[in-house]
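The values are calculated or read from the model by the stated rules, or taken from the named source; none is laboratory data. Bear in mind the structure is a predicted one, so any value in this text is a computation, not a measurement. Please note: Cβ atoms are built from the backbone with ideal geometry, for glycine as well, and neighbour counts cover all protein chains shown. Areas reflect the complete protein model, heavy atoms only, side chains present, ligands, DNA and RNA absent. Shrake-Rupley method; radii C 1.70, N 1.55, O 1.52, S 1.80 Å.
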Amino acid sequence: MAKRYNRILLTGAAGNLGKVLRESLPAHCENLRISDRDEMTDIAAHEEAVVCDLADADACLALTKDVDAIIHMGGQSIEGSWENVLNANIIGFYNMYEGCRKNGVKRLIWGSSNHAIGFYPRTQVIDASVYPRPDTNYGVSKVFGEAVSQYYWDKYHFESVSIRIGSCFPEPLDRRMLATWLSFRDFQHLIDRCLIAPRVEHTIIYGISDNDEKLWDNKLASHLGYRPKDNAEDYRAKVEAASEQKGIDDPMFKYDGGGFAGQPHFDDVNPS
Ligand code: NAI
Ligand code: 15L
């Protein structure tokens, strides 16, 4: 049976989540273009590897040519120097969208982050309609990305899904992740749904598994048909044995963004 897409582009393919998606995306496309600024290894017959820095507008224009859909996982993935955040997540993000607009790409699905709303208190369950409260420059760059995604839908009818990923790791690593965890299996399923859903316009969805502890409500993204199967609760005993409960004034206890909310300005503690 013919696959839904001819060519999908995956950025950040050398990264943690890029590697997870290299396994699942072939189900949706004949050809998978993979890209990163780092070298990628073990290139399969259905893959075409392109080394490219997102800050290079001409390179992004070439990268997005003859592509039907994009999974954009490339970029600065934690707090970093302003220069790195700016180049990868702001200039680089805009370059990707301009590439999409000029090359007539139809849909882009990307890794936003819980750090776009990291200063919300953990006592409040929020949905995707809340005003952003970023906790870092990194979080601010994700808010920029979500604004660009909304703008390109409203103005150019270019579709996006912004996934506010919680903590996507093989298993929850600390008590905070009992609420923020997204398993690799559920992440792959979420990307599947973002590719399959007939109409997404600009949708924001929280990337979380079916955890008992919930900070975020996905009712505004029900049209994606995302049905997570995993639950961080299965790891509670292990996590609690390995880490103590933080005090009520600790950012890990207080805020959705956990430790990111308590970090000093990156450039103050890492002078160039
Ligand atoms: P990662 O750091 O493992 O992978 C990111 C990849 O982007 C790296 O391979 C890196 O070489 C590449 N990259 C960085 N700057 C670049 C540039 N200027 N040009 C080209 N490539 C560049 O991160 P991970 O965990 O795979 O995350 C993927 C995306 O999902 C990121 O955008 C991250 O912000 C987002 N995310 C991930 C979460 C998680 O729990 N893993 C949680 C929230 C958001
Ligand atoms: C993120 O945005 C990061 O990419 C990831 O490495 C984790 O720190 C995650 O958030 C988290 O909040 O656990």
Calculate one ³J(HN,Hα) per residue across the range 41-54 by plugging θ = phi - 60° into the Karplus curve 6.51 cos²θ - 1.76 cosθ + 1.60, and present them in order as whole Hz with x for glycine and proline.
10, 6, 6, 8, 4, 7, 10, 10, 9, 10, 7, 7, 8, 4
From Cα pairs below 8 angstrom and at least 6 apart in sequence, can you work out the relative contact order of the range 5-269, rounded to a whole percent?
17 percent
Taking amide H positions as placed in the peptide plane 1.01 Å from N, state which residues far from Leu182 in sequence (5 or more) or on other chains have amide H under 5 Å from it.
Ser167, Cys168, Phe169, Ser209
Which of the GluC sites (Glu not before Pro) across the range 230-272 are loop residues per DSSP, with 15 or fewer other Cβ within 10 Å?
Glu244
With axes computed from alpha carbons, what is the tilt in degrees of helix 92-103 against the longest principal axis of the chain, rounded to the nearest 10 within 0 to 90?
30 degrees
Tell me the trypsin sites (Lys or Arg not before Pro) within the range 217-261 that lie in a loop according to DSSP and have at most 10 other beta-carbon atoms within 10 Å.
Lys229
Size of electric dipole in the chain: Cβ of Lys, Arg +1 and of Asp, Glu -1, about Cα centre, debye, nearest 20
880 debye
Cα→Cβ-extended label distance, 7 Å offset, between Arg227 and Asp38, nm:
3.6 nm
Rounded to the nearest 5, the percent of DSSP beta bridges in the chain running antiparallel is 5 percent
Farthest positive-ward along the chain dipole, Cα basis, beta-carbon charges - from Ala147, Cys52, Ser222
Ser222
Name the residue from Ala2, Ile191, Gly166 whose Cα lies farthest towards the positive end of the charge dipole of the chain, charges +1 on Cβ of Lys and Arg and -1 on Cβ of Asp and Glu.
Ala2
Straight-line reach only, C-alpha to C-alpha below 18 angstrom: list the aspartates and glutamates that Lys246 could link to, leaving out same-chain residues fewer than 8 apart.
Asp174, Glu213, Asp256
For the range 139-155, take each phi angle, set θ = phi - 60°, evaluate the Karplus expression 6.51 cos²θ - 1.76 cosθ + 1.60, and give the result in whole Hz per residue in order, putting x for glycine and proline.
x, 4, 5, 6, 5, 4, x, 5, 5, 4, 4, 5, 4, 6, 6, 4, 8
Among the lysines, which have Cα under 30 Å from the Cα of Lys102 when same-chain residues fewer than 8 positions away are ignored?
Lys3, Lys19, Lys65, Lys142, Lys155
For the range 5-269, with the dipole built from +1 on Lys and Arg beta-carbon atoms and -1 on Asp and Glu ones, taken about the Cα centre, which of His115, Gly75, Val200 lies farthest toward the positive end?
Val200
According to the square roots a ≥ b ≥ c of the eigenvalues of the Cα gyration tensor, what is the shape class of the range 16-110, taking rounded for a/c under 1.5, prolate for a/b larger than b/c otherwise, and oblate for the remainder?
oblate
Quick one: accessible surface of Val105, probe radius 1.4 Å, all protein chains present, in square angstrom to the nearest 10.
10 Å²
Can you grab the distance from the C-alpha centre of the range 147-220 to the C-alpha centre of the range 69-124, Å, no decimals?
13 Å
Rounded to the nearest 500, what is the chain's calculated 222 nm mean residue ellipticity when only DSSP H runs of at least 4 contribute -39500 (n - 2.57) each, over all residues?
-8500 deg cm²/dmol
